[in-house]
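One structure below.
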Amino acid sequence: MKKFIITLIAYTLNLTVFSQPIFKVQPIAGNINTDNQEFGPSLSSDGQELYFYSKRNNTNFTDLYISIKSNDKWSDPIELKDLNSPFDDQSPFIIENKNRKSIFFSSNRDGSAEFILPNGKIGVSRDIYYSDFRQNKWTKPKLLSAVINTSDIEENPFLSGNTLFFTRYPFGQVKKAKIYSSNFDGKNWSLPAP
């Protein structure tokens, strides 16, 4: 009987410790998902604001959007016009610290690094920008340091503490994409390392 009880306890512990929860993956309900493409979700710390980017409104470029959760339902997405440009704006990452809210995102807007393509045309890189939310509106997006932004494509920013992680690759060569990190010392970003 003692052996049976020990075996039963071991079996029960095995089920409890090693069992995997079952999740059902499905699209978010509401009007967030469309026949277009939705990418790069970033959730506020309270889980009530969903930031993402999408190609909508019959444009050739992607824009940043927000949807707000109320009574377990997501609102219709609202375009973040203070942040969007006439070019691609994408990969939002929302940061909230105490009384401050900021967003990092990538864009190939005017001001991004330019370079000459092999065919002689001018190419525009995708660079990382940031903006702060002050007095109920987003400040004008600012380009991060030239240490971060180069003539390569920089996108998919993610900030953890004082460390920024992001993707970098040469224009048109996604297969060469690498994840880089850079530390902020309060004044400057360190040289990014893969």
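Could you run through segment 97-134 and say how many residues are closer than 15 Å to residue 156 by Cβ and basic (Lys, Arg)?
Total satisfying the criteria: 1.
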For segment 80-111, which positions are open to solvent by less than 10 Å² (accessible area, probe 1.4 Å) and part of a loop (DSSP other than H, G, I, E, B)?
83
Within segment 47-71, can you find the residues that are of a type in the set (S, T, N, Q), crowded, with 16+ Cβ neighbours inside 10 Å and in a loop (DSSP other than H, G, I, E, B)?
62
Give just the number: which of (1) at pLDDT 90 or above; (2) in a loop (DSSP other than H, G, I, E, B); (3) not hydroxyl-bearing (Ser, Thr, Tyr) does residue 27 not satisfy?
(1)
For segment 127-152, give me each residue that is polar (S, T, N, Q), under 16 Å from residue 94 (Cβ atoms) and surrounded by 12 or more Cβ atoms within 10 Å (Cβ to Cβ).
131, 139
Those residues of segment 112-123 which are surrounded by fewer than 15 Cβ atoms within 10 Å (Cβ to Cβ), part of a loop (DSSP other than H, G, I, E, B) and not hydrophobic (A, V, I, L, M, F, W, C) amount to 118, 119, 120, 121
When you look at residue 122, is it at pLDDT 90 or above and among the hydrophobic types (A, V, I, L, M, F, W, C), yes or no?
no
Which pairs turn up if I take residues in segment 111-123 that are within 20 Å of residue 86 (Cα to Cα) and without any contact (Cβ under 8 Å) to a residue 40 or more places away in the chain and look for partners that are exposed (fewer than 10 other Cβ atoms within 10 Å of the Cβ) and among the β-branched types (Val, Ile, Thr) with beta carbon separation below 6 Å, at least 6 apart in sequence or on another chain?
114/122
I'd like to know if segment 154-177 contains one or more residues that are open to solvent by less than 60 Å² (accessible area, probe 1.4 Å), farther than 16 Å from residue 90 by Cα, in contact with a Leu (Cβ under 7 Å, 6 or more places away or on another chain) and in a strand (DSSP E or B).
no
Identify, please: which residue in segment 178-194 is farther than 18 Å from residue 91 by Cβ and surrounded by 15 or more Cβ atoms within 10 Å (Cβ to Cβ) and is, among those, nearest to the chain's Cα centre (by Cα)?
184
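The values are calculated or read from the model by the stated rules, or taken from the named source; none is laboratory data. Note that this is a predicted model, so its numbers are computed, not measured. When we count neighbours, we look across all protein chains shown, and the Cβ atoms used for this are built from the backbone with ideal geometry, even at glycine. Please note that ligands, DNA and RNA were not included when accessible areas were found on the heavy atoms of the full protein model with its side chains. Shrake-Rupley method; radii C 1.70, N 1.55, O 1.52, S 1.80 Å.
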